[in-house]
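Take a look at the structure set out below.
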Amino acid sequence: MVVGIFEGTPANSSIQFDMVFSFDAFKEIMTITGTLSAQNSYGLFHTYLILKKGTDLSLFDAKLSTFINSYGSGPARHLFLKRYIG
């Protein structure tokens, strides 16, 4: 099943890749049943945000880590911002 089509990324993009899979296809290829987690997904996933101009990045990083660690009982996760160039 085709779930999306796009042209390649610009040469100066922060994201370079050879192929893209849907979550369902990734789970099938990796023989993952149930929910993706830190133990079975190998940390391959990225989330992109557009922040308002003037956002305090250090404060946002701290709040993001606190928020994500308030869910689940596994080891603490430390998230951080990375500039995206696309």
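Residue pairs, Cβ under 8 Å, 6 or more apart or interchain, first in segment 60-72 and assigned to a helix (DSSP H, G or I), second surrounded by 11 or more Cβ atoms within 10 Å (Cβ to Cβ) and of a type in the set (D, E, K, R). List them.
These pairs meet every condition: 65/77; 68/77; 69/77.
Just to be sure before I move on: is residue 48 closer than 24 Å to residue 19 by Cα, assigned to a loop (DSSP other than H, G, I, E, B), out of contact with any Asp or Glu (no Cβ under 8 Å at 6 or more places or on another chain) and modelled with pLDDT under 75 in the structure I sent? Before the answer, list the steps.
On the way: closer than 24 Å to residue 19 by Cα: yes; assigned to a loop (DSSP other than H, G, I, E, B): yes; out of contact with any Asp or Glu (no Cβ under 8 Å at 6 or more places or on another chain): yes; modelled with pLDDT under 75: no.
No; evaluated as a whole, the condition is false for this residue.
Do we have residue 73 as of a type in the set (S, T, N, Q) and either at pLDDT below 75 or in contact with a His (Cβ under 6 Å, 6 or more places away or on another chain) (or both) here?
On the way: of a type in the set (S, T, N, Q): yes; either at pLDDT below 75 or in contact with a His (Cβ under 6 Å, 6 or more places away or on another chain) (or both): yes.
Yes: the conditions hold for residue 73.
The values are calculated or read from the model by the stated rules, or taken from the named source; none is laboratory data. These numbers come from a predicted model, not from an experiment. Note that we place each Cβ from the backbone using ideal geometry, even for glycine, and neighbour counts take in every protein chain shown.
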